[in-house]
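The values are calculated or read from the model by the stated rules, or taken from the named source; none is laboratory data. Remember, it's a predicted structure, so these values are computed and weren't measured experimentally. With ideal geometry, Cβ positions are generated from the backbone for all residues, glycine too; neighbour counts draw on all protein chains shown. Each accessible area value is taken on the protein alone, full model and side chains, heavy atoms only, with ligands, DNA and RNA left out. Shrake-Rupley method; radii C 1.70, N 1.55, O 1.52, S 1.80 Å.
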2 protein chains.
Amino acid sequence: MPDDPAYLAQLQDYYARHRVFPPYSGIGRLVGLKSKSSVSAMLARLRLAGFLEATPDRRLKPGPRFFERVVADSVRAGFPQPADDSAKETLTLDEYLIENPSRTVLVRVKGDSMIDAGIQPGDIAVVQRSFEAHAGDVVVAIVDDEFTLKLLDKEDGQYVLKPANPAYPVIRPKGKLELFGVVVGMVRKYR
Amino acid sequence: MPDDPAYLAQLQDYYARHRVFPPYSGIGRLVGLKSKSSVSAMLARLRLAGFLEATPDRRLKPGPRFFERVVADSVRAGFPQPADDSAKETLTLDEYLIENPSRTVLVRVKGDSMIDAGIQPGDIAVVQRSFEAHAGDVVVAIVDDEFTLKLLDKEDGQYVLKPANPAYPVIRPKGKLELFGVVVGMVRKYR
DNA sequence: TTGACCTGGGAACGATCGTTCGATAGTTTG
DNA sequence: CAAACTATCGAACGATCGTTCCCAGGTCAA
């Protein structure tokens, strides 16, 4: 019985380390198959399942499902996906956060003016440009020639920029409010 | 005069599309070099510059500088890389956050016990299993058959789980502390 | 102008690749 | 129990790979 999930996991790890696939012989060594024909069969299976694809040059490349991750719910103590194929929610982080790649920019957060909104210095904000902003959105505005991350709100029909930190003042733009984009996601890396 | 930056940009584009490199002949077609020897020379230069490396199998792989990406800094008002859109989409968030795919699980956060650490309900924690935890890490522990997200700390040589919210009590495990994994990243989506 | 130097093209070569074809062992089906 | 199927192995094969060497054309300094 072939253990394709384990093979796939090995491949994913190797790819994460090197950003490239090894040759068939290397894959064999990696996953514990001694024959290239076994590797070939295994890869064909993964290809059918959508984990792998081929480039125009007929080279191996990661398929759409290659980067999927399992989302575990915090309520169940059942450990992650032993054989639980049924209610398995998967997603790739890219697709989850970035809907419009060409208009999406990452901005590293400076300062703690949004700390009460769970946005800390060093975090990376996923910013979508030319996106209609509404009151309640976190936005990247341009104030005094600098990017600034604030909560967009409305006071007396006038847009204002509110920090999420009592130590900072509310910004009431004099002229036109210049928006760079809307924050659609947030990413933080520990360690 | 060789136009290495342009060559590199082409390579990065191709890689962003396929997550894999073409063979030398394909690279030649891609960047406009008609001879594999020229390609070889060009790649050697890029290798020296740190954009490319070799795998243990002596295959081409992206080097540390290959994914260099202008993360817009909040200090400058100069808009991010207007002309050079090509090298922009190379770094994916998956690659940024997930180092070890087979041991990484996503866990959706429930409750506000970590709110002061900037972790809100609905956020998705990137959890790496079987990863040595130290005091100061945010960890996913198993308490009463449920996942729980807490800050790992040490009191009198004993590990304890501290919430980041004064409304919750510190958890001092009676027996052995059961850890599910260490939180290495955090993702949030707005709207 | 000459000659060293650099860059890209072309051809040849051995190494390595991925495919293919049986054979084998273990499991499932009838 | 026999037959069919599956997953693997091992060997052989042509295709393709990346390297290497040499040459053509251009540039720059002497």
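Counting only residues that are more than 10 Å from chain A (Cβ to nearest Cβ) and surrounded by fewer than 14 Cβ atoms within 10 Å (Cβ to Cβ), how many does the stretch B:50-63 have?
Adding up the residues that qualify gives 1.
Can you name the residue in the stretch B:130-156 that is in contact (Cβ under 8 Å) with a residue 24 or more places away in the chain and among the small types (Gly, Ala, Ser) and is also least open to solvent (accessible area, probe 1.4 Å) among such residues?
Among those that are in contact (Cβ under 8 Å) with a residue 24 or more places away in the chain and among the small types (Gly, Ala, Ser), it is B:Ala141.
Taking B:Val160 as the residue in question, decide whether it is over 26 Å from the mean Cα position of the chain (by Cα) and open to solvent by less than 10 Å² (accessible area, probe 1.4 Å).
yes
Given the conditions (1) small (Gly, Ala, Ser); (2) more than 15 Å from DNA strand C (Cβ to nearest atom); (3) in contact with a Lys or Arg (Cβ under 9 Å, 6 or more places away or on another chain), which single one is not true for A:Ser25?
(2)
Considering each residue of the stretch A:2-22, count those that are near DNA strand D (Cβ under 10 Å from one of its atoms) and without any contact (Cβ under 8 Å) to a residue 12 or more places away in the chain, and give that number.
1
If you go through the stretch A:31-44 one residue at a time, do you hit one that is away from DNA strand C (no atom under 11 Å from the Cβ) and modelled with pLDDT of 85 or more?
Checked the stretch A:31-44: no residue is away from DNA strand C (no atom under 11 Å from the Cβ) and modelled with pLDDT of 85 or more.
Among what's in the stretch A:26-45 and is touching a helix residue (DSSP H, G or I) at 6+ places or on another chain (Cβ under 6 Å) and within 13 Å of B:Asp57 (Cα to Cα), pick the residue that is surrounded by the most Cβ atoms within 10 Å (Cβ to Cβ).
Looking at residues that are touching a helix residue (DSSP H, G or I) at 6+ places or on another chain (Cβ under 6 Å) and within 13 Å of B:Asp57 (Cα to Cα), I get A:Ile27.
Working only within the stretch A:91-113, note down all residues that are modelled with pLDDT under 80, at the interface with chain B (Cβ under 9 Å from one of its Cβ atoms) and open to solvent by 40 Å² or more (accessible area, probe 1.4 Å).
A:Pro101, A:Ser102
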